[in-house]
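Visitor: For reference, the structure I am asking about is given below.
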Amino acid sequence: MDNDEVPVRTSAMSLIKQCKKITRFFNTSTKAMAQLRKELEKRPNCNIQNVIQEVSTRWNSTFLMLERISAIIDEINIVLLRVKHNVEFLNRDEIAALP
């Protein structure tokens, strides 16, 4: 393993961990989830209704979680601005790293 791979792997794991916190927050807060659905309804031709939680026994669930967050990051940020929470926002570089 090259020394250059270690920071990339660490930052990828950090991004996944942060996305897990975001999905966990929305899946445990009915108020936040309701507001997210309300924001998603404002998007034309959007069939997305929620975030996807990673499941360790499903091999592609991490990718699906990241992909869904990437698709609705604007709505997620709007809700995080409105609702009291302890979840960190994704920064510009982290958003750019999403699939």
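The values are calculated or read from the model by the stated rules, or taken from the named source; none is laboratory data. Given the structure is predicted, the values throughout are model-derived calculations rather than measurements. Virtual Cβ from ideal backbone geometry, glycine too; neighbours counted across all protein chains shown.
Visitor: I'd like the full set of residues that are free of Cβ contacts under 8 Å to residues at least 40 places away in the same chain and farther than 15 Å from residue 84 by Cβ, limited to region 26-42.
Guide: 27, 37, 38, 40, 41, 42
Visitor: Kindly list the number of the only condition in (1) of a type in the set (Ser, Thr, Tyr); (2) within 26 Å of residue 83 (Cβ to Cβ); (3) at pLDDT below 90 that fails for residue 23.
Guide: Only one criterion in (1) of a type in the set (Ser, Thr, Tyr); (2) within 26 Å of residue 83 (Cβ to Cβ); (3) at pLDDT below 90 is unmet by residue 23, namely (3).
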